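I have placed the structure first, in the form of structure tokens, so that the comments after it can refer back to it.
Read-outs throughout are calculated quantities, based only on the coordinates presented, and are distinct from any laboratory measurement. What you are looking at is a predicted structure, and each value in this text was computed from that prediction instead of being measured. Neighbour counts are summed over all protein chains in view; Cβ atoms, including those assigned to glycine, are modelled from backbone coordinates with ideal geometry.
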Amino acid sequence: MTLHNLIQIADLAKYEGQEITLRGWVYDRTDKGKLQFIQLRDGTGIAQCVAFKKDMDETEFANASKLSQESSLVITGTVRKDDRAPGLPGGYEVGIKTLQLVHHAEDYPITPKEHGVEFLMDNRHLWLRSSRQWAILRIRATIVHELRNWLDDHGYLLVDTPIITPAAGEETTTLFQLDYFGEPAYLAQTGQLYNEANMMAFGKVYCFGPTFRAEKSKTRRHLIEFWMLEPEMAFFSLEDLMDMEEQLLSHVVKAVLAKHQRELAILERDLNKLEQITAPFARISYDEAVERLQKLAAETQDPEQKALLAIEWGSDFGSPHETAIAEMFDRPVFVYHYPTAVKAFYMQPVEGRPEVCRSVDLLAPEGYGEITGGSERIYDSELIEQRVATIGLPREAYAWYLELRKFGSVPHAGFGLGLERTVAWICGLPHVRETIPYPRILNRKYP
Ligand code: 4AD
Ligand code: MG
């Protein structure tokens with residue numbers, strides 16, 4: 001077997017007229033007797049490879065005629081331009097000279113016919129091979145790359161935070177408890193508290209890693225294990241935070257548009273919607289959002305919709321509220337100054353109006369809901385001590401965090417971006433379950 005000129009399918013066009021080697025898996029095959037049209041995928045793309053009886057060794061052609069879906073192969077052949085050739089990217093095909101069967105796949109459970117979601121989720125380890133998943137996970141990788149690129153280029157330092165923690169970072173109701181050599185410990189819900197210590201050492205930092213929440217409800221937006229990118233900046237105000245977030249996100253969307261036309265086409269994403277994502281984003285206060293929702297509810301005829309939109313000042317938004325607010329704008333919208341009571345203990349109260357806090361959530365358009373949540377942090381030592389005591393958090397576990405307010409405390413702000421919700425929005429997916437290779441959702445941890 002020769003691996004002469006082993007190439008990737010993504011680069012096929014560069015090798016027109018040349019003899020090349022491809023390695024991969026059978027995505028599909030059409031049998032035309034003396035001609036076998038094999039759609040070969042290698043992870044970078046799909047190429048039509050044509051086995052023609054008279055050009056090949058008899059046994060090898062016989063093998064080609066029996067290939068099952070997902071069988072693995074090494075082929076050599078010549079690249080020809082053919083505008084009709086299907087594939088990813090397509091437009092070129094390979095005339096097969098030699099074909100080595102590496103493994104003949106058993107009956108593959110995922111066929112081009114429709115499958116139910118539960119079946120596909122049970123077969124997630126195989127489902128990843130389909131074009132749609134290929135498109136989503138490649139876009140996910142680019143989103144991560146571009147988020148990090150932007151931060152690295154703008155003076156932010158990546159500083160990792162621990163996954164095993166002695167105390168809660170967010171709501172204690174969603175904690176995953178572990179046995180840490182006889183003592184309780186928890187899986188991180190956020191890297192934020194450590195980020196604040198790191199920010200005091202490095203100025204502008206970010207962490208990016210898996211975070212865990214024992215969410216007992218099954219929704220389209222919640223995972224048990226999800227990835228969060230969390231920047232934290234010294235001397236940043238809420239306005240600085242919004243300025244930075246809109247720069248970061250519009251950069252990411254622009255980069256995805258530039259790099260992934262093919263993937264977005266597979267996903268049938270409405271590109272106009274993404275092209276509108278340019279800074280500045282809309283900004284409204286929680287007060288204004290509630291007023292707008294109340295007005296909308298009053299004008300709504302449908303009683304069911306009316307009930308969903310109903311809201312009193314002081315309540316947190318549910319997804320119908322977030323969707324309705326987002327629909328009022330053609331780009332993402334920041335909602336700032338939420339009621340202190342519905343937000344985390346560390347958020348800075350608004351001066352002269354402590355019932356609201358210096359928090360900001362970013363709502364994505366088209367009903368994708370909250371993709372980032374952040375705030376200015378309390379930096380006054382007494383106030384943070386008070387909050388910890390009022391909420392009843394165990395002071396010993398937070399002693400180090402409280403101490404940050406004693407040595408050169410500064411105003412600071414940060415946010416967390418939910419990667420999977422961002423991927424769902426950019427890819428236009430109705431559910432977060434396809435945005436992560438192995439989703440952990442209520443009642444599912446297999447495969
Ligand atoms: O709003 P959250 O809970 O904020 C924090 O954890 C802060 N400590 C972050 C910070 O300021 N450094 O979560 C941040 C984002 C949400 O906006 C959402 O996008 C995502 O994380 N998120 C989830 N994504 C998927 N499944 C879940 N269960 C999620 N919970 C939060
Ligand atoms: Mg939030």
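Here the extension length gained between Val342 and Leu383 equals 13.0 nm, from 0.36 nm per residue of separation less the Cα-Cα distance.
R0 = 56 Å: FRET efficiency of Glu183 with Asp122, Cβ-based, nearest 0.05? Write out the running numbers ahead of the final one.
Working: r = 37 Å, r/R0 = 0.65.
Working from the Cβ atoms, E equals 0.95.
Close amide H pairs (under 5 Å, H built 1.01 Å from N) link Cys357 with Tyr338, Thr340, Val350, residues at least 5 positions away or on another chain.
Please give the length that would be gained between Leu271 and Ser315 if that part of the chain were fully extended, namely 0.36 nm times their separation in residues minus their C-alpha to C-alpha distance (nm, one decimal).
Working: separation 44, 0.36 × 44 = 15.84 nm, distance 3.46 nm.
Result: 12.4 nm gained on full extension.
Which whole-number percentage describes the relative contact order of the chain, with Cα contacts under 8 Å and a sequence gap of 6 or more? Display every interim value, and only then the final one.
Values: 860 pairs, mean separation 57.4, N = 447.
Computed over the chain, the figure is 13 percent.
For the chain, modelled as a GNM whose springs connect Cα atoms under 10 angstrom apart, the maximal fluctuation among Leu383, Leu187, Leu137 occurs at Leu383. Binning all Cα-Cα separations of the chain at 10 Å, short to long from zero, yields these whole-percent fractions: 4, 18, 24, 22, 15, 10, 6, 1, 0. For segment 388-447, the calculated P(r), taken from all Cα-Cα distances in 10 Å bins from zero up to the bin holding the longest distance, is 17, 25, 19, 30, 10 percent. A cut-off of 5 Å between modelled amide H atoms, ignoring neighbours fewer than 5 places along the same chain, links Leu88 with Ile46, Ala47. When the P(r) is computed for segment 283-386, the part past 18 Å accounts for 48% of the Cα-Cα pairs. Remark on Arg283: its backbone amide H falls under 5 Å from those of Phe334, a criterion applied only to residues 5 or more positions apart or on other chains, H modelled at 1.01 Å from N. Each residue of segment 273-287 is assigned a 3J(HN,Hα), and the resulting list reads 4, 7, 5, 6, 7, 10, 5, x, 7, 6, 9, 9, 7, 4, 3 Hz, derived from the Karplus form 6.51 cos²θ - 1.76 cosθ + 1.60 (θ = phi - 60°), x at Gly and Pro. By the Cα gyration tensor, segment 365-409 has an equivalent ellipsoid whose semi-axes, rounded to whole angstrom, run 29, 14, 9 from largest to smallest.
Taking 7 Å steps out from each Cα toward its Cβ at Thr174 and Asp31 produces label points 5.2 nm apart.
With an a/c value of 1.5 or above and a/b not larger than b/c for the gyration tensor axes a ≥ b ≥ c computed over the alpha-carbon atoms, segment 76-163 is described as oblate. Evaluating 6.51 cos²θ - 1.76 cosθ + 1.60 at θ = phi - 60° for every residue in segment 39-47, the Karplus couplings come out as 8, 9, 10, 10, x, 9, x, 10, 10 Hz, glycine and proline recorded as x.
Rounded to the nearest 10 degrees, the angle from helix 192-202 to the longest Cα principal axis of the chain is 90 degrees.
Among the listed pairs Lys273/Lys343; Lys218/Lys254; Lys218/Lys445; Lys14/Lys54; Lys32/Lys66; Lys14/Lys259, give every one whose C-alpha distance is greater than 20 Å. Numbers along the way, then the final one.
Working: Lys273/Lys343 31 Å; Lys218/Lys254 32 Å; Lys218/Lys445 14 Å; Lys14/Lys54 27 Å; Lys32/Lys66 12 Å; Lys14/Lys259 18 Å.
Where the Cα-Cα span goes over 20 Å, the pairs concerned are Lys273/Lys343; Lys218/Lys254; Lys14/Lys54.
Spin-label pair Ser65-Glu16: with each label point 7 Å from Cα along the Cα-Cβ axis, the two points sit 3.4 nm from one another. When peptides 17-24, 247-254 are ranked by their average number of other Cβ atoms within 10 Å per residue, the highest-first order is 247-254, 17-24.
Scaling against 2.2 N^0.38 Å puts the C-alpha radius of gyration of segment 1-92 at 0.98. Each residue of segment 83-96 is assigned a 3J(HN,Hα), and the resulting list reads 4, 7, 5, x, x, 10, x, x, x, 9, 9, 10, x, 6 Hz, derived from the Karplus form 6.51 cos²θ - 1.76 cosθ + 1.60 (θ = phi - 60°), x at Gly and Pro.
The value obtained for segment 213-308, namely the Cα convex hull volume divided by the number of residues, is 205 Å³ per residue.
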